[in-house]
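Please treat every number below as a calculation from the coordinates, not as lab data. In this text the structure is predicted, and so the values were computed from the model without any measurement. Heads up, the Cβs are rebuilt from the backbone with ideal geometry, glycines too, and the neighbour counts pull from every protein chain shown.
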Amino acid sequence: MTQHDPTSFPVVGIDVSKKSLDIFIDQLNQRVTLDNTDQAISTLVQRLKSVQVRLVIIEATGRYHRRVAATLLAAGILTSVVNPQRAREFAKAMGKLEKSDRIDAMVLAAFGRQIQPRAEQIQPQNRTILADLVSRRRSLVQLRVAEKNRSHDDLPQLAAEQSKTLLRLIEQQIEDLDREIAKLIDADDDWHNKSQIIDSVPGIGPESANQLIIDLPELGQLNRQQIAKLAGLAPLARDSGLFKGQRCIRGGRHDVRVTLYMLAHNAVLWCPRFKRFFDQLIARGKRYKVAMTACMRKLLVTLNQMVKTKTSWNQQLTLETA
């Protein structure tokens, strides 16, 4: 359901880079390039308000889009931050195979006009800080795995010593991040309560619970079908005419699925009810990957219902059906 009549106001696309903003206002057919600075963004806000812009589309660009998106939202201008892949696929559907900052801004405006994506909500500063810390921790964990894979008994003495030193440093930094993340979670009542509920499931630890809170803030706010699709764990149809394709998962949030895989793996090991569910699937001839994906989905929708109802894990709790 759209929030506004799509023909009643200009839609703006902004292509963001580290130093500049390429802007396209569709109904006015105006193209503007500004510096990605506080002063220029303030000027942009006044200009957009003067032409009664209500919807701005921006591609997610790591960190560079944050300042302009936050400023627009604070000014009361509906702003949607979209996945770059979605925008690129939309451009291809329009026949726009070429790519430049000006073209991207125009494509984003057309995307907003046709799709009307949901506007963002103003995020507390602590959420941005927490997301950065969790992202940093995830990078260090990946670095730790890579370094451990590179280390072996045949390394020269100097290389082996350097590897051990680096691994100790990585471990220390991960521990420091865990303490800071836990401190931020404990300071927010809503985050703390969610973390306690998720952590109550056997096999789930506080670090994983905190990652899920940041990567999936919609947990507890959507129904089971919506939360599964958002995470990329909903089996999607692949049918055409008489052909009935095998359902499979795709899309969604990669980081959420990575976290949920580890949580489901631990739940199968330490939670009798999830182990029983997993074993039943294997006994029916399901492959390991299929059975584990089903456990991930069941765990996700169960956690979603637990957070929604503010209910901690107990043996009488009904496992939600995905």
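Prolate is the label for segment 125-187, because the ratio a/c of its alpha-carbon gyration tensor axes (a ≥ b ≥ c) is 1.5 or higher and a/b is greater than b/c. Enter the Cα centre distance for the pair segment 62-108 and segment 109-153, rounded to the nearest angstrom. About 18 Å separates the Cα centre of segment 62-108 from the one of segment 109-153.
Relative to the longest principal axis of the Cα atoms of the chain, helix 254-270 runs at roughly 20 degrees. Taking 168, 224, 238 as the candidate residues, the one with maximal mean-square fluctuation in a Gaussian network model of the chain, Cα springs under 10 Å, is 238. Taking label points 7 Å from Cα along the Cα-to-Cβ direction, residue 46 and residue 253 give a separation of 3.8 nm. For segment 71-111, the residues whose amide N sits under 16 Å from a probe point set 7 Å from the Cα of residue 135 along the beta carbon direction are 71, 81-85. Computed over the chain with a Gaussian network model linking Cα atoms closer than 10 Å, the most mobile of 142, 225, 196 is 142.
How much net charge surrounds residue 118 when only the other residues with a Cβ under 13 Å from the Cβ of residue 118 are counted, with Lys and Arg +1 and Asp and Glu -1?
Working: positive: 86; negative: 120, 218.
For residues surrounding residue 118, the net value is -1.
For segment 273-279, the Karplus equation 6.51 cos²θ - 1.76 cosθ + 1.60, evaluated at θ = phi - 60°, returns couplings of 6, 6, 5, 5, 4, 5, 4 Hz by residue, with Gly and Pro reported as x. Cα-Cα over 22 Å: which of 49/92; 19/96; 229/298; 19/99; 244/275? Violating the 22 Å Cα-Cα cut-off are 49/92; 19/96; 244/275.
Restricting to DSSP H runs of at least four residues, report the calculated mean residue ellipticity at 222 nm for the chain, -39500 (n - 2.57) per run over all residues, nearest 500 deg cm²/dmol. Walk me through the numbers before you get to the answer.
Numbers: 12 runs with 183 residues, N = 322.
Mean residue ellipticity at 222 nm (helix-derived): -18500 deg cm²/dmol.
Legend: ranking of residues 194, 229, 244 from fewest to most surrounding C-beta atoms inside 10 Å; resulting order 244, 229, 194. For segment 59-117, the set of trypsin sites (Lys or Arg not before Pro) satisfying both a DSSP loop assignment and a count of at most 14 other C-beta atoms within 10 Å is given as 63, 99. Among 78, 212, 303, the largest mean-square fluctuation in a Gaussian network model of the chain, built with springs joining Cα atoms closer than 10 Å, belongs to 78.
Arrange the following residues from fewest to most other Cβ atoms within 10 Å of their Cβ: 64, 288. Could the numbers behind the result be given before it?
Values: 64 18, 288 10.
So the residues, fewest neighbours to most, are 288, 64.
For 51, 68, 256, the sequence from fewest to most other C-beta atoms within 10 Å is 51, 256, 68.
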